[in-house]
Amino acid sequence: MTVKIEAPGGRPRYLQLATTLINEIRAGRYPVGSLLPTEFELCDQFGVSRFTIREAVKQLVQMGMVTRQAGVGSRVLRQAPVTQYTQTMSGITDLRQYAYETSLEIEGQALLNVDGDLADTLDASPGETWLHVWGLRYTKAHDAPICLTDAYIAPAFRSVTGIQGRMTRALYAVLEDEFDVQITTVHQDIQGVVLDKALASRLGVKAGSAGLRLERRYMDARDALVELAVSVHPADRFSYRESFRREWQVPV
């Protein structure tokens, strides 16, 4: 799967509004047990369509923060999402939001002379020296990590600074700022996996349990690989949702 860079405008409006409603629930504007304003009231407050409001509230329902009941309205169930983290994707901008909503605890980094299968995966020549960065990603709502991430940064960018500690910036964004490179395309592959003993131990789950492996290739304007990020998630702590916009019309 390939994600193309978005047109100006950033995240879809309904996701922006969902974030606002989540923040207002957390701040106590809408206490647990209370009803959110009606769709029409929210339309007036935000100056958007009823469809946009419905999609925004749907995000909160899917997070387990709100329940909808016909004839009653949308009632607040809790101040934070349920334990599973759901990543919603519609473009590259959402990868920045994902990094902002979570934090990557950098555990280590080292220069790595690649060869064998890894060189093939990176489409690199054996002996090239890449920067390997690894760590665990967390959310504010969880003590346990939602994934283990290994990132491989191309030789031209291996001297990158500022990748340390607990980060809430996307690694590719750091590279863009420091090296004046622009990521224009992200190729993404998703695969179901069984977590072996080593991975399970790092993630705090049982060996043999189900997991989700996400591999993202960050490409520049010349279609050259800048960063490869491989993240492995326990199945019960992460789900993935993608939005598609219809750009064509059915002939009448």
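Bear in mind that the values in this text are calculations on the coordinates, not laboratory data. All values reported here derive from a predicted model rather than from experimental measurement.
Based on C-alpha pairs under 8 angstrom that are at least 6 apart in sequence, segment 152-224 has a relative contact order of 30 percent. Only alpha carbons enter this Debye calculation for segment 95-171, each as an equal point scatterer, and the log10 of I(q)/I(0) it gives at q = 0.16, 0.26 Å⁻¹ is -0.63, -1.16. Shown here is the pair-distance distribution of segment 7-67: with all Cα-Cα distances grouped in 10 Å bins from zero up to the longest one, the shares run 22, 57, 18, 2 percent. With the Kirkwood sum run over all distinct C-alpha pairs, segment 131-182 has a hydrodynamic radius of 12.2 Å.
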